[in-house]
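Accompanying notes for the structure given below.
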Amino acid sequence: MKEEMKLKDKVAIVTGGSRGIGRAVVAELARQGARVYFTFHRNAEAAAETEKATGARKLLCPQPDAETIVKTAEAVVAEAGRIDILVNNAGVHADQFLMLMPESEWTKVIDTNLNGAFRWAKAVTRPMLSAGGGAIINVASVSALVGVAGQTNYSASKGAILAFTRSLAAELGGKGIRVNAVAPGFIETDMTAVLPRDIKRRNLERILLKRFGSAAEVASVVAFLASDESAYIVGQTIVVDGGLTAAAL
């Protein structure tokens, strides 16, 4: 099998696939032969660009809308016949110190990042069981592993994703569905591009490789976990952070 076709004939859904890490994952899964669908919510222009660049299919589907998620998963099955891969990537952040954080911003982050992953995993479980197995990859963050001031909502959501991953793996592993997580560190995306220079400098000093990672480097790990090459890996979190947490722990 050619290296770039390791996911040939697989059907994948990537949530939040219009920008950043999500777009890189969509591109890599498509490059490796998968038939890829990706969701977006507000940025229709970025979604159209991703669709054009990758050949994947964009799907308007908000993370908080459980009914639309179920209908979207059903539409993919109706069109493609199956779902083999789910990448729970969609997420938001609303950084603020806890004493100043409105409860609405806590709830928004938890509902999008954690509850959205739950809704999507639930929606694809039956189709995957019908197909004889599958792979679910949850995108977490190193914020789940180290304390980050001003990110209690985001860190809590991503920490819960790691626990969710382990427990769901215990439920589904024996049925042929492998559940794993990826925890990226500082990655060159739109979000990190706007960080003040002094914050970038301080974080670069903490990273063993002395650079931020690329979205493509995260995407390659996601593709590995989606492929048969990781057939004996389940319930694990792979940290992609250039050594940030190795130096911090």
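What to note about this one:
- Pairwise inverse Cα distances across the chain, averaged and inverted, put the Kirkwood hydrodynamic radius at 18.1 Å.
- Within the same chain, lysines fewer than 8 places from Lys108 are excluded, and of the rest, those with a Cα less than 19 Å from its Cα are Lys158.
- You can think of it this way: the chain between Arg126 and Leu100 has 5.2 nm of extra reach, that is 0.36 nm per residue less the Cα-Cα gap.
- With the charge dipole of region 13-80 set up from +1 on Lys and Arg Cβ and -1 on Asp and Glu Cβ about the Cα centre, the Cα lying farthest toward the positive end among the listed residues Thr72, Phe38, Thr50 is that of Thr50.
- Rounded to the nearest whole Hz, the Karplus-based 3J(HN,Hα) values (6.51 cos²θ - 1.76 cosθ + 1.60, θ = phi - 60°) of region 137-145 follow the sequence 10, 9, 8, 9, 5, 5, 5, 7, 10, with x at glycine and proline.
- Region 77-126, accessible surface, carbon-and-sulfur percent (1.4 angstrom probe): 57 percent
- Solvent exposure ordering (accessible area, 1.4 Å, most first) of Ile199, Ile187: Ile199, Ile187
- Charging the Cβ of each Asp and Glu at -1 and of each Lys and Arg at +1, and nothing else, the dipole of the chain about its Cα centre rounds to 260 debye.
- Note that region 1-115 presents 52 Å² accessible area per residue, ligands and nucleic acids not counted, probe 1.4 Å.
- The dipole here belongs to region 93-214: it is taken about the Cα centre, uses +1 on the Cβ of Lys and Arg and -1 on the Cβ of Asp and Glu, and is about 420 debye.
- In range of the label at Asn203: residues from region 10-47 whose backbone nitrogen is under 17 Å from the point 7 Å along Cα→Cβ: 20-22
- Protein heavy-atom accessible surface, 1.4 Å probe, per residue over region 177-249: 53 Å².
- Options Ala163, Ala123, Ala183, ranked by Cα towards positive dipole end of region 86-191, top entry (Cβ charges): Ala123
- For Ile187, the amide hydrogen comes within under 5 Å of the amide hydrogens of Gly213, counting only partners 5 or more places away or on other chains and with H modelled in the peptide plane.
- Dipole check for region 179-229: with +1 at the C-beta of Lys and Arg, -1 at the C-beta of Asp and Glu, and the Cα centre as origin, the magnitude is about 480 Debye.
The values are calculated or read from the model by the stated rules, or taken from the named source; none is laboratory data. Worth saying up front: this structure is predicted, and the values here are computed from it rather than measured. Quick reminder, even Gly has a Cβ in these numbers, built from the backbone with ideal geometry, and neighbours come from all protein chains shown. The accessibility values were calculated without ligands, DNA or RNA, using every heavy atom of the protein model including side chains. Shrake-Rupley method; radii C 1.70, N 1.55, O 1.52, S 1.80 Å.
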